[in-house]
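Enquirer: Could you have a look at this structure, given as structure tokens, before my questions?
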Amino acid sequence: MTWSRTRLRSAAVGWAVLTVLLIGIAGLAQFVLAPSTGRVAVQLLITIGLVVGIQVFVGNSGILSFGHVSFFAVGAYVAGVAAMKPSLRDFQVTAVPSWLADRSLGFWPALLLAVAVGVTWAALTGFFVARMKTTVIAMATLALLVVTFNVVNSWESATNGNQGLAGVPQLTSTSVALGVTIVITGAAYLFAASPTGLRLQATREDEVAARALGVSVCRARFWGWLLSGVLVSLAGAVWALNARAFAPSQFSFEEMFALLAMLVVGGLGSVSGAVTGAVALTVLTELIRTGQEALAESGAATLPGLIQLSTAAIIIVVLVVRPLGLTNGREPRLSLPRRKAST
Amino acid sequence: MSAHPVVVNQLGQRPSSPPADRLIVDAVSKSFGAVVALQDVTLSVGRGEILGLMGPNGSGKSTLVNVVSGVIRPAAGEVRLDAQVLTGHSPDRVARAGVARTFQNVRLFKGLSVSDNVVSVMGRRHPRGADARALELLDRLGIAHLRGARAGDLAYGLQRRLEIARALAADPFFLLLDEPAAGLNDVESADLEAAIRRVAVEGPTPCGVLIIDHDMRLMASICDRLHVLFNGRTIAEGGIEEVRRDPEVVAAYLGRS
């Protein structure tokens, strides 16, 4: 294992700049805009966390995954069920481990439990994903999405089936959402700078050459998948503890597509791309929604489906004009005074 | 060479394994359908030695490199590092055991920087750090000043150099170079020759080199020994002059085309 200091340094700089931006976004929404948009700020921060979590695998490996919605669901349901009051939980969910049956977990224990289950699930699925041929993985992740949706939708004793969960306590504050998102982006930057992350990028660029030079594609993909899954579970748990109520439709193809759209628009190859895409599409969606509400009030036609349509249009435009995404698939070059190489 | 048979699981545990002295290709055969690509080919390279593998197009040179690097499994015969059998292991394990390669059509990690191309395949910790090691390797091939550039943006000749630097970053005992001078002009290819010699024989830890090419002039100037394939069979091997005068080699090179 050989860590490159140059890579670490630029990752640290990127993370620091991003952290400042995230604090700015959160502060702007929390204090400057109306309090109602405070919720939008939390939502945006969590969305950034989800997209960056997905980017860790998809961006570094270059393999599209639809299956990450599975980790989102695991994080959300585990945290949601664990944090709920037993009195509310009992008539929705019956399959609860006995040690949890008569208590409800606080924010951090619920998060921890969600991450622990997320690790296990990511390791289990990653074992198989890492051993698959590259061309097969995207299909397998699609299968994972379908399986997840159906389990969540049908396992009534554990998830309350298609009715979803209601009465989840709203424990996520803006500052906590901000903190978790900063941690997630930090982990993503660190992974991209790590030897394993770099090897995963090498397999993305040329799998045959990477193998021929000693890179274990299986190992690199496993660790990328594992970290990615854990980060998405974490974001999913924070999301659930903000949502109050949610249903299986949240873990469907449409939702996964929306998250992937953000990643594609911003640029798969970089953490900053994931953030850019998440912010751009969230803002766009909010604008359109506000516009639609205004239209509805004035009695005009509401144009349903406009959000999906414009998302699709933006993807097409971006793919034509900037195929690697708004950030061009790389971390932006931040010109800092560089120490001259001693030669 | 150890007296005990090498435990297969130990393959690829580079830092703990002792350096290998000889790469041995032992009676390797391979067919693709009815086409015989390799038939009973035996050769070996020592560390610090440059062996040229020659032959007209379609004579089986690239197939042999693919067999050695674990991409293709031979129908018969085996490849060994000293007593350690490489055949049957995946390419990444073969590479970690100490055999690195370049490709006939350059295969860099195009989207990564020049420096990252080299750092990404480093298998072990270097006392002075990955960056210093990368700089040293790039410097040995004369491309240190380009370390921040995107690999795909380099000129073709420089890409070939980077590929060699990257192969060396895997700390190989043996280096397989598949047509390293293809597509280069005379000046570039002379430069590259010098670089290969410098890197292979004069480095602090010399490795053995197996170079593939069909250009007799280039090969004669850089190799210690030559091995000539024709239609998958060995038709000549030995010193440069000896091989050059070999009637079968002359016939293979001049007679047919």
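Enquirer: Grab the beta carbon distance between residue A:19 and residue B:128, set R0 = 35 Å, and tell me the FRET efficiency rounded to 0.05. Mind dumping the intermediate values first?
Expert: Numbers: r = 31 Å, r/R0 = 0.89.
In this case the efficiency is close to 0.65.
Enquirer: Can you send over the carbon and sulfur percentage of the accessible area for the protein assembly as shown, probe radius 1.4 Å, protein chains only?
Expert: Details: 16110 of 26430 Å².
Its accessible area is 61 percent carbon and sulfur atoms.
Enquirer: What distance in nm separates the simple spin-label points at residue B:105 and residue B:83, each placed 7 Å from Cα in the Cβ direction?
Expert: About 4.3 nm, to one decimal.
Enquirer: What list of ³J(HN,Hα) couplings, whole Hz, do you get for segment B:190-201 from phi and the Karplus terms 6.51, -1.76, 1.60, once you set θ to phi - 60° and write x for glycine and proline?
Expert: 5, 4, 5, 3, 4, 4, 4, 4, 4, 6, 7, 8
Enquirer: Please work out how much length the chain gains when fully extended from residue A:128 to residue A:157, using 0.36 nm per residue of separation minus the C-alpha to C-alpha distance, in nm with one decimal. Could the numbers behind the result be given before it?
Expert: Details: separation 29, 0.36 × 29 = 10.44 nm, distance 2.79 nm.
Gain on extension, residue A:128 to residue A:157, equals 7.7 nm.
Enquirer: A further question on this structure: Check cross-link reach from residue A:133 to the aspartates and glutamates: straight Cα distance under 18 Å, and skip same-chain residues fewer than eight apart.
Expert: Reachable aspartates and glutamates: A:205, A:206, A:207, B:92.
Enquirer: Once you've got the GNM for chain A with C-alpha springs shorter than 10 Å, pick whichever of A:106, A:291, A:49 has the biggest mean-square fluctuation.
Expert: Largest GNM mean-square fluctuation: A:291.
Enquirer: While we're looking at this one, here's another question. Search the structure for amide H atoms under 5 Å from the amide H of residue B:47, placed 1.01 Å from N in the peptide plane, and list their residues when 5 or more places away or on another chain.
Expert: So residue B:47 has HN proximity to no qualifying residue.
Enquirer: Interface A/B, total buried accessible area with a 1.4 Å probe, nearest 100 Å²?
Expert: Numbers: alone 16810 and 11950 Å², together 26430 Å².
The summed interface area works out to 2300 Å².
Enquirer: List residues of segment B:207-246, by number, whose backbone nitrogen lies under 16 Å from a label position 7 Å along Cα→C-beta of residue B:27.
Expert: Residues B:234 qualify, since their backbone N sits under 16 Å from the label point.
Enquirer: Let me ask something else about it. Go through segment A:252-263 residue by residue and turn each phi into a ³J(HN,Hα) via Karplus (6.51, -1.76, 1.60, θ = phi - 60°); whole Hz please, and just put x for glycine and proline.
Expert: 9, 4, 4, 5, 5, 4, 4, 5, 5, 4, 4, 5
Enquirer: With a Förster radius of 22 Å, plug the Cβ-Cβ distance of residue B:190 and residue B:57 into 1/(1 + (r/R0)^6) and report the FRET value to the nearest 0.05. Let's see the in-between values first.
Expert: Details: r = 23 Å, r/R0 = 1.06.
Rounded to the nearest 0.05, the efficiency is 0.40.
Enquirer: Can I ask one more? Please list, in chain and number order, the residues 5+ apart from residue A:269 or on another chain whose amide H is under 5 Å from its amide H, with Hs placed from the backbone.
Expert: Here the answer is A:329, since their amide H atoms fall under 5 Å of that of residue A:269.
Enquirer: Tabulate in residue order the Karplus-calculated ³J(HN,Hα) for segment A:289-301, using 6.51 cos²θ - 1.76 cosθ + 1.60 with θ = phi - 60°, rounded to whole Hz; enter x for Gly and Pro.
Expert: Karplus values, whole Hz, x for Gly and Pro: 4, 4, x, 4, 5, 4, 4, 4, 5, 7, x, 7, 5.
Enquirer: What does the C-alpha gyration tensor say about the overall shape of segment B:56-158? Classify as rounded when a/c is under 1.5, otherwise prolate if a/b is larger than b/c, or oblate. Each step should come with its number before you reach the end.
Expert: Working: a/c = 2.81, a/b = 1.57, b/c = 1.79.
Here segment B:56-158 falls in the oblate category.
Enquirer: Along Cα→Cβ, 7 Å out, is where each label goes; now give me the distance between the ones at residue A:116 and residue B:205 in nm to one decimal.
Expert: 4.4 nm
Enquirer: Could you check the spin-label model distance between residue A:309 and residue A:85? Points 7 Å from the Cα along Cα→Cβ, value in nm.
Expert: The two pseudo-label positions are separated by 4.5 nm.
Enquirer: What is segment A:36-183 by shape, rounded, prolate or oblate, if you read a ≥ b ≥ c off the alpha carbon gyration tensor as root eigenvalues and call it rounded for a/c under 1.5, prolate for a/b larger than b/c, and oblate otherwise? Please list the in-between numbers first.
Expert: Numbers: a/c = 2.04, a/b = 1.31, b/c = 1.55.
Because a/c hits 1.5 or more and a/b fails to exceed b/c, segment A:36-183 counts as oblate.
Enquirer: Still on this structure, I have one more. Could you pull out every residue, at least 5 positions away or on a different chain, whose amide H is within less than 5 Å of the one on residue B:233? Hs are placed 1.01 Å off N in the peptide plane, and Pro or chain starts have none.
Expert: Under 5 Å from the amide H of residue B:233 lie the amide H atoms of B:39, each far enough along the sequence or on another chain.
Enquirer: Further question: Give the shape of chain B as rounded, prolate or oblate, defined through the alpha-carbon gyration tensor: a ≥ b ≥ c are the square roots of its eigenvalues, a/c under 1.5 means rounded, and otherwise the shape is prolate if a/b is larger than b/c and oblate if not.
Expert: Numbers: a/c = 1.76, a/b = 1.21, b/c = 1.46.
Because a/c hits 1.5 or more and a/b fails to exceed b/c, chain B counts as oblate.
Enquirer: For segment A:175-207, which residues drop by 30 square angstrom or more in accessible area between the chain on its own and all protein chains together (1.4 Å probe)?
Expert: Buried by 30 Å² or more upon assembly, which counts only protein chains, are A:198, A:199, A:202, A:205, A:206.
The values are calculated or read from the model by the stated rules, or taken from the named source; none is laboratory data. Just so you know, these numbers come straight off a predicted model, no measurement behind them. For neighbour counting, all protein chains shown are included, and Cβ atoms are generated from backbone atoms with ideal geometry for every residue, glycine included. Ligands, DNA and RNA are stripped out before the accessible areas are found, and what is left, the full protein with its side chains, is counted by its heavy atoms. Shrake-Rupley method; radii C 1.70, N 1.55, O 1.52, S 1.80 Å.
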